[in-house]
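In what follows, a single structure is set out as structure tokens and then discussed.
The values are calculated or read from the model by the stated rules, or taken from the named source; none is laboratory data. On a predicted model such as this, the values are computed, not experimentally measured, just so you know. Counting neighbours? That spans all protein chains shown, and the Cβs are built from the backbone with ideal geometry, glycine included. Calculation scope for accessible area: heavy atoms of the full protein, side chains included, ligands and nucleic acids excluded. Shrake-Rupley method; radii C 1.70, N 1.55, O 1.52, S 1.80 Å.
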Amino acid sequence: SVKNNGKSNYAFFDKDMVAQVQEKVDIEKQLRDSVENDGFKLLYQPQVDVESGEISGFEALIRLKDRFISPGVFIPIAEETDLIHELGRFVTEEAIRQLQEWKSRGLEGKTVAINFSAKQLKDEGYLEFLKDRLEHYGVAPSELEIEITESVFLEKKDQPLKFLEEVRSMGVRIALDDFGTGYSSLSYLTFLPVNKIKLDKSLSDRFLELENIGVMDSLISLAHSLNLEVIAEGVEYMEQYKKLKVGKCDRIQGYLFSKPLEKEDAELIYNKSFLNEN
Ligand code: C2E
Ligand code: MG
Ligand code: MG
Ligand code: MG
């Protein structure tokens, strides 16, 4: 039954809700249009080795070419439709193509990580597509990394596990994204076929507080004992970097070193070290 707040029974269709639905419809239209007309691009955010200051890889983050809408807004809308499949394939091919382009200019040895939505598990030909694109561009699987979140295990466990095992047996690396949010469970780490965990920004932020340093240390050593690499994301302050370094975090990613960059700008800093000027 509908709540009557002392007003009309129809008050639940308020103007904001109509506007929200309209906005969603607009964005979905924009996404469809952009899928058809090459309207997306990837930005690249450096992942920096804590010890050397060198870039170990980049995370590819999707953007619309000519209108700013946050992927935090449009990815969930794409996920409600099959658009996420086409988007996911675009991201996959574009990242692999970029790896090949950089290699052709002598820029190599750094990974590119792409984000993979749980909904893409329903894209049946995806693994074939991935294999085919790597071969087509002559890119080694180990140069590519796929970021997943624990939400891939929300509905089923067996199917996503099998998918990840297959991805990993191809030689593509897997990172567990947004670790420390939602239903994050440490026991996941013992059986998931992942190479790396990405500590979510909310965790990186909490590690700024002294009383949480012990938690950071134990989490990172647990990960290391399971042979997992640890990267902290959303690192904005030198203080965080210093603490993460003491805690033996392997890499960091965040505005402290660089925002996500256009591919041309990523290329300019490809061999830069963030810790010394030469
Ligand atoms: P994510 O994968 O956890 O990516 C990290 C987000 O944090 C990115 O936002 C990045 O720009 C932002 N970020 C990086 N460093 C900092 C920092 O120091 N401070 C702050 N405040 N933010 C920082 P972005 O690009 O807006 O992406 C948001 C989310 O959208 C991503 O979270 C990911 O879940 C999703 N997403 C982005 N690109 C793709 C894609 O190609 N495919 C899929 N399926 N999802 C994507
Ligand atoms: Mg990510
Ligand atoms: Mg993340
Ligand atoms: Mg995150």
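When the pairs Lys157/Lys201; Lys65/Lys245; Lys122/Lys201 are compared against a 30 Å limit on Cα-Cα distance, Lys65/Lys245 fall above it. Our analysis of the chain gives Rg over Rh at 1.00, with the two radii drawn from alpha carbon positions and Rh computed by the Kirkwood formula. Each Lys and Arg Cβ is given +1 and each Asp and Glu Cβ -1; about its Cα centre, the stretch 45-169 then shows a dipole of about 220 debye. Structural descriptor for the stretch 82-227: relative contact order 19 percent, calculated from alpha carbon pairs under 8 angstrom and at least 6 residues apart. Build a GNM of the chain with springs between Cα atoms under 10 Å apart, and of Lys122, Lys196, Lys110 the one that fluctuates most is Lys122. Entry note, the chain: relative contact order of 20 percent, from Cα contacts under 8 Å with a spacing of 6+ residues.
Comparing Gln30, Gln45, Gln253 in a Gaussian network model of the chain where C-alpha atoms under 10 Å apart are linked, the largest mean-square fluctuation is found at Gln30. Rolling a 1.4 angstrom probe over the protein heavy atoms with all chains in place gives the chain an accessible area of 52 Å² per residue. Where a ≥ b ≥ c are the square roots of the eigenvalues of the C-alpha gyration tensor, would you call the stretch 101-232 rounded, which needs a/c under 1.5, or, failing that, prolate if a/b is larger than b/c, or oblate? It is oblate, given that a/c is not under 1.5 and a/b is not larger than b/c.
A Gaussian network model of the chain, with springs between Cα atoms under 10 Å, assigns the largest mean-square fluctuation among Gln120, Gln98, Gln20 to Gln20.
Over every Cα atom in the stretch 80-157, the radius of gyration and the widest Cα-Cα span, Dmax, amount to 13.4, 43 Å.
State which stretch of the chain is the longest one without any exposed chymotrypsin sites (Phe, Trp or Tyr not before Pro), exposure meaning a DSSP loop state and at most 16 other Cβ atoms within 10 Å. Looking at the chain, 69-182 is the longest stretch - no exposed chymotrypsin sites (Phe, Trp or Tyr not before Pro) with at most 16 other Cβ atoms within 10 Å. What part of the accessible area of the stretch 6-134, given as a whole %, is carbon or sulfur when the probe is 1.4 angstrom? Using a 1.4 Å probe with all protein chains present, the stretch 6-134 comes out at 50 percent carbon and sulfur. Remark: the stretch 192-278 carries a charge dipole of roughly 240 debye about the Cα centre, counting +1 on each Lys and Arg Cβ and -1 on each Asp and Glu Cβ.
Give a residue-ordered list of calculated ³J(HN,Hα) values for the stretch 165-180 (Karplus: 6.51 cos²θ - 1.76 cosθ + 1.60, θ = phi - 60°; whole Hz; x for Gly, Pro). For the stretch 165-180, the Karplus-derived couplings read 4, 5, 4, 5, 5, 5, x, 7, 7, 10, 10, 8, 7, 6, 5, x Hz, x marking Gly and Pro.
Only DSSP H runs of four or more residues enter the estimate; each adds -39500 (n - 2.57), and after division by the residues of the chain the mean residue ellipticity at 222 nm equals -13000 deg cm²/dmol. Assuming 0.36 nm per residue, please report the length gained on full extension of the stretch Leu154 to Leu268 beyond their Cα-Cα distance. Using 0.36 nm per residue and subtracting the Cα-Cα distance, I get 37.0 nm. Looking at Gln45, Val230, Gly138, which one has the Cα that reaches farthest to the positive end of the dipole of the chain (charges on Cβ: Lys, Arg +1; Asp, Glu -1)? Farthest along the dipole direction, towards plus: Val230.
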